[in-house]
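**Student:** Here it is, the structure, as structure tokens.
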Amino acid sequence: MANPTKIQFLDLVTPHQELKAELLAVVEKALSTAGFIGGPMVENFENEFAKFCDAKFCVGVNSGTDALRFAFMAAGVQPGEIIVTVPHTFIATTEAISQAGAQIAFVDVDEKTYTMDPSKLRGYFENECSFDQASGKLIEKKRKKPVVGIVPVHLYGQTADMDPILDLAKRYNLFVVEDACQAHGAEYFSKKDNVWKKAGTMGLAAAFSFYPGKNLGACGEAGATTTNDEALAKRMKMIRDHGQAKKYYHDIEGYNGRLDSIQAGWLSVKLRHLAKWNESRRTLAHRYHELFTDSAEGMALPKEASWTKGVYHLYVVRVNDREALQAHLAEAGIATGIHYPIPLHLQKAYECLGYKKGDFPVTERVAAEIVSLPMFPQLTRSQQDEVVSKTREFVASRMSTAR
Ligand SMILES: Cc1ncc(COP(=O)(O)O)c(C=O)c1O
């Protein structure tokens, strides 16, 4: 039996205890004004988060999943149209595609960054699709359906390589919705424009999750879409609120997908600490890196591409025998995670898509080897030293038995 956990994978208690008075004041405010749905706390948070992301608009919704789904709908996706994403992500990315009425296509990820590989995306467009000049649409040959959008996922807090993805989108008239659910505050250096850009400003829209464990987490479910497109922001606001812009005047059928005001108020309190928390994650990641460097032979460390400033939502290493590493760390009271063990194209839910083992070899290789080590802003140096020491102990023992 594993020992009791000494080092958590993620400490959600400490930051909330530290901010307890401010968080409780939000509840007091909501109680004294009965402002539970919509109102100034939601609008304030939307303005503050848009500013944080350098985006013109932010529309708060009730989850990251709905932030994606509503963005696809607001972008005008029609039933049966195809949206391309990666199989190495959380299922919410693809659930949102299906639930917006669209169909999923996958392209593999890059082995170094674990984000969408632009060359694989180009390969899919050039080999599996044909461009219909008359309609200006890219048609997937197999399903004979138009491809309309791309969803790069900024996984683990590192942005995808957006310049080539945006170039391809432009060439084929496709929209891009960034899945930034793990990347609040991450940055991308666009060589094309010679400027650093924030996650959430590069596509037509971007989705953020404020699930409690995210870099910016609510105290419950919450999400938001950012965009620089005013018309899209307006459509998003209608979709999240039963299709109405004016009470009881429903131009379309929408959803009950609003961000509630207590969550928005809590998010405003926590947003003031996000830059500091992200910096702390980066410092911890670089320290992990330094401490692990000389044991790197038996282990692959996360690589930060030159074009990204990651916010290390997760610190993910790769080893051959990851279940054994997890067991070794659990024995020492250290909690770990796997994000994600089964690639989406091999999930039972997606048998209907007809993909098979071997279709996305990078994703499959990565999914079998990844382990997420403890990573949160309050992780202490001595806790980190313990994680490193136990991980190194495991790697060294594997290396000596391999010799
Ligand atoms: C990559 C990614 N996309 C989408 C989501 C969905 O966000 P939510 O859980 O807020 O619906 C998540 C959250 O876990 C995620 O990690």
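**Student:** Using just the C-alpha positions of region 181-243 as equal point scatterers, what log10 of I(q)/I(0) does the Debye formula give at each q in 0.19, 0.29 1/Å?
**Tutor:** The computed values of log10 I(q)/I(0) come out as -0.81, -1.14.
**Student:** Continuing with the same structure: Which of the residue pairs K56/K141; K56/K246; K137/K198; K356/K390; K237/K303; K6/K214 have a Cα-Cα distance greater than 26 Å in the structure shown?
**Tutor:** Over 26 Å apart, Cα to Cα: K56/K141; K137/K198; K356/K390; K237/K303.
**Student:** Please report Rg over Rh for region 1-74, where both radii come from the alpha carbon positions and Rh follows the Kirkwood definition.
**Tutor:** Here Rg/Rh amounts to 1.11.
**Student:** So, one more: If eta is 1.002 mPa s and T is 20 °C, what Stokes-Einstein diffusion coefficient results for region 271-328, Kirkwood Rh from Cα pairs, in µm²/s?
**Tutor:** Calculated translational D: 166 µm²/s.
**Student:** So for region 359-403, considering every pair of alpha-carbon atoms, how many percent are separated by more than 14 Å?
**Tutor:** I get 66 percent for the Cα pairs in region 359-403 exceeding 14 Å.
**Student:** Could you tally the net charge around I139, taking each other residue with its Cβ under 15 Å from the Cβ of I139, Lys/Arg +1 and Asp/Glu -1?
**Tutor:** My count for the surroundings of I139 gives +2.
**Student:** Just from the alpha-carbon atoms, what are the Rg and Dmax of region 138-192 in angstroms?
**Tutor:** Rg then Dmax for region 138-192, in Å: 12.9, 38.
**Student:** Also, quick follow-up: Convex hull volume of the Cα atoms in region 1-154, per residue, in Å³?
**Tutor:** Convex hull volume per residue, Cα atoms: 216 Å³.
**Student:** Oh, and also: For the chain, what are the DSSP H helices with axial Cα length of 27 Å or more and mean Kyte-Doolittle hydropathy of at least -1.0?
**Tutor:** Passing helices, by number: 261-292, 381-402.
**Student:** Taking the convex hull of the alpha carbon atoms in region 106-254, what volume per residue do you get, in Å³?
**Tutor:** Per residue, the Cα convex hull of region 106-254 comes to 149 Å³.
**Student:** For region 221-263, what is Rg from Cα atoms divided by 2.2 N^0.38 Å, rounded to two decimals?
**Tutor:** Taking the Cα Rg and dividing by 2.2 N^0.38 Å, one obtains 1.17.
**Student:** Ordering R69, R272 from largest to smallest accessible area (1.4 angstrom probe), what's the sequence?
**Tutor:** Order by accessible area, largest first: R272, R69.
**Student:** Quick one: pull the percent of accessible area on region 117-207 belonging to carbon and sulfur, 1.4 Å probe, ligands and nucleic acids left out.
**Tutor:** For region 117-207, the apolar C and S fraction of the accessible surface comes to 49 percent.
**Student:** Now for a different question. What are the semi-axes of the equivalent ellipsoid of region 253-403, taken as the square roots of 5 times the eigenvalues of the Cα gyration tensor, listed largest first and rounded to whole Å?
**Tutor:** Semi-axes (√(5λ), whole Å): 30, 26, 14.
**Student:** Over region 183-311, give the accessible area per residue in Å² for a 1.4 Å probe, as an integer.
**Tutor:** 45
**Student:** Taking the full set of protein chains and a 1.4 angstrom probe, give the accessible area of E297 in square angstrom, rounded to the nearest 10.
**Tutor:** Rounded to the nearest 10, the figure is 150 Å².
**Student:** Which distance in nm do the two modelled labels at N320 and S280 give, with both placed 7 Å along the Cα-to-Cβ direction?
**Tutor:** 3.8
**Student:** Here is a follow-up. Would you mind telling me which residue in A134, A30, A67 has the biggest mean-square fluctuation in a Gaussian network model of the chain, where springs connect alpha carbons within a distance under 10 angstrom?
**Tutor:** For the chain, modelled as a Gaussian network with Cα springs under 10 Å, the answer is A134.
**Student:** Further, regarding this structure: Springs between alpha-carbon pairs under 10 angstrom, Gaussian network model over the chain: which of L344, L353, L68 fluctuates most?
**Tutor:** The residue that fluctuates most here is L353.
**Student:** Can I ask one more? At a probe radius of 1.4 Å, what is the per-residue accessible area of D359, in Å² to the nearest 10?
**Tutor:** Counting only protein heavy atoms, the figure is 50 Å².
**Student:** Quick one: compute the contact order of region 299-403, relative version, from alpha carbon pairs under 8 angstrom and 6+ residues apart, as a percent.
**Tutor:** 34
**Student:** To the nearest whole percent, what portion of all C-alpha pairs in region 78-145 is separated by more than 19 angstrom?
**Tutor:** 38
**Student:** Let me check something: with ligands and nucleic acids excluded, how do T380, T89 order by accessible area (1.4 Å probe), largest to smallest?
**Tutor:** T380, T89
**Student:** Another question about this same structure. Ratio of alpha-carbon Rg to the 2.2 N^0.38 Å globular estimate for the chain, to two decimals, please.
**Tutor:** 1.00
**Student:** Still on this structure: Choose one answer from H339, H184, H286: the residue with the largest mean-square fluctuation in a GNM of the chain with alpha-carbon springs under 10 Å.
**Tutor:** Between H339, H184, H286, it is H286 that shows the largest mean-square fluctuation.
**Student:** Could you tell me what a quarter of the Cα convex hull surface of region 321-403 works out to, in nm² with one decimal place?
**Tutor:** Dividing the Cα hull surface by four gives the mean projection, 7.4 nm².
**Student:** Let me ask something else. Report the dimensions of region 285-362 along its three principal axes from the alpha-carbon atoms, largest first, rounded to Å.
**Tutor:** Projected onto the principal axes, the Cα atoms of region 285-362 cover 44, 38, 23 Å.
The values are calculated or read from the model by the stated rules, or taken from the named source; none is laboratory data. Since we're looking at a predicted model, the values are computed, not measured. Virtual Cβ from ideal backbone geometry, glycine too; neighbours counted across all protein chains shown. Just so you know, the surface numbers come from the protein's heavy atoms only, side chains and all, with ligands and any DNA or RNA stripped out. Shrake-Rupley method; radii C 1.70, N 1.55, O 1.52, S 1.80 Å.
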